[in-house]
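Engineer: Below is one structure. I have some questions about it.
The values are calculated or read from the model by the stated rules, or taken from the named source; none is laboratory data. As the structure is a prediction and not an experimental result, all values here were calculated from the model. Neighbour counts run over all protein chains shown; Cβ positions are idealised from the backbone, glycine included.
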């Protein structure tokens, strides 16, 4: 029962993070959205928007947004892999070269001041980095359980992160460390 409660709490935290992150998006923006549960939650909130261009490597994100009037969705090429249903591979990574977006929204398995955002998805990290490279600003979506956690492969270094959106359960000391490093931290309530 305790594991189920923790899972529900994490899903609720991701929904709160997604709602706050969506407030950064303006009508007319062109955004990049990575794969994973946090970005799928974000896409559900963004589905209410008008005049939005989205580039993604996530099949679920594309499915959430593609049927909505005023939202143009571009999905990268490659192979669909894993439970995140991420489209990965060189064709998509090369397609992203030269694209420009206002914001990139990415999640991972952990985020620290020392290593930035990281993931256990070794094959997915290059595509995530290609998405991030399109953006003028990088928004990391990380619930409080992900703060202070390091994983296998770095996606975004601290110097690339402009925003960290997390939930109110975040350790205040960790939040302060990110802020001192120049990252704008937004706390979802």
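Engineer: Just one of 78, 82 is in contact with a strand residue (DSSP E or B) (Cβ under 8 Å, 6 or more places away or on another chain) and on the phi > 0 side of the Ramachandran plot; which is it?
Structural biologist: Being in contact with a strand residue (DSSP E or B) (Cβ under 8 Å, 6 or more places away or on another chain) and on the phi > 0 side of the Ramachandran plot holds for just one of 78, 82, which is 78.
Engineer: Output the number of residues of segment 48-64 satisfying the condition of being touching a helix residue (DSSP H, G or I) at 6+ places or on another chain (Cβ under 7 Å) and over 15 Å from residue 105 (Cα atoms).
Structural biologist: 1
Engineer: Could I ask something else about it? Sort through 61, 55 and tell me the only one that's modelled with pLDDT of 95 or more, assigned to a strand (DSSP E or B) and either buried (at least 19 other Cβ atoms within 10 Å of the Cβ) or at negative phi (or both).
Structural biologist: 55
Engineer: Give, as residue ranges, the strands (runs of 3 or more DSSP E) completely inside segment 104-160 that count at least 1 residues that are under 19 Å from residue 175 (Cα atoms), touching a helix residue (DSSP H, G or I) at 6+ places or on another chain (Cβ under 6 Å) and without any contact (Cβ under 8 Å) to a residue 40 or more places away in the chain.
Structural biologist: Counting at least 1 such residues, we get 135-141.
Engineer: From the set of residues in segment 15-30 that are in contact with a strand residue (DSSP E or B) (Cβ under 8 Å, 6 or more places away or on another chain) and within 15 Å of residue 167 (Cβ to Cβ), which is surrounded by the fewest Cβ atoms within 10 Å (Cβ to Cβ)?
Structural biologist: By that ranking, first place goes to 19.
Engineer: Give me the pairs: first residue in segment 165-189 and at positive phi and in contact (Cβ under 8 Å) with a residue 12 or more places away in the chain, second residue surrounded by 18 or more Cβ atoms within 10 Å (Cβ to Cβ) and in a loop (DSSP other than H, G, I, E, B), beta-carbon distance under 8 Å, and six or more apart or on different chains, which are they?
Structural biologist: none
Engineer: Inspect all residues belonging to segment 166-177 and state whether any of them is assigned to a strand (DSSP E or B) and touching a helix residue (DSSP H, G or I) at 6+ places or on another chain (Cβ under 7 Å).
Structural biologist: Scanning segment 166-177, I find at least one residue that is assigned to a strand (DSSP E or B) and touching a helix residue (DSSP H, G or I) at 6+ places or on another chain (Cβ under 7 Å), so the answer is yes.
Engineer: Additional query: Looking for something more than 22 Å from residue 123 (Cα to Cα), without any contact (Cβ under 8 Å) to a residue 40 or more places away in the chain, surrounded by fewer than 21 Cβ atoms within 10 Å (Cβ to Cβ) and over 14 Å from the mean Cα position of the chain (by Cα) - is there at least one such residue anywhere in segment 83-98?
Structural biologist: No, there is no match, as no residue in segment 83-98 is more than 22 Å from residue 123 (Cα to Cα), without any contact (Cβ under 8 Å) to a residue 40 or more places away in the chain, surrounded by fewer than 21 Cβ atoms within 10 Å (Cβ to Cβ) and over 14 Å from the mean Cα position of the chain (by Cα).
Engineer: Can you name the residue in segment 71-96 that is assigned to a helix (DSSP H, G or I) and closer than 28 Å to residue 48 by Cβ and is also modelled with the highest pLDDT among such residues?
Structural biologist: Looking at residues that are assigned to a helix (DSSP H, G or I) and closer than 28 Å to residue 48 by Cβ, I get 96.
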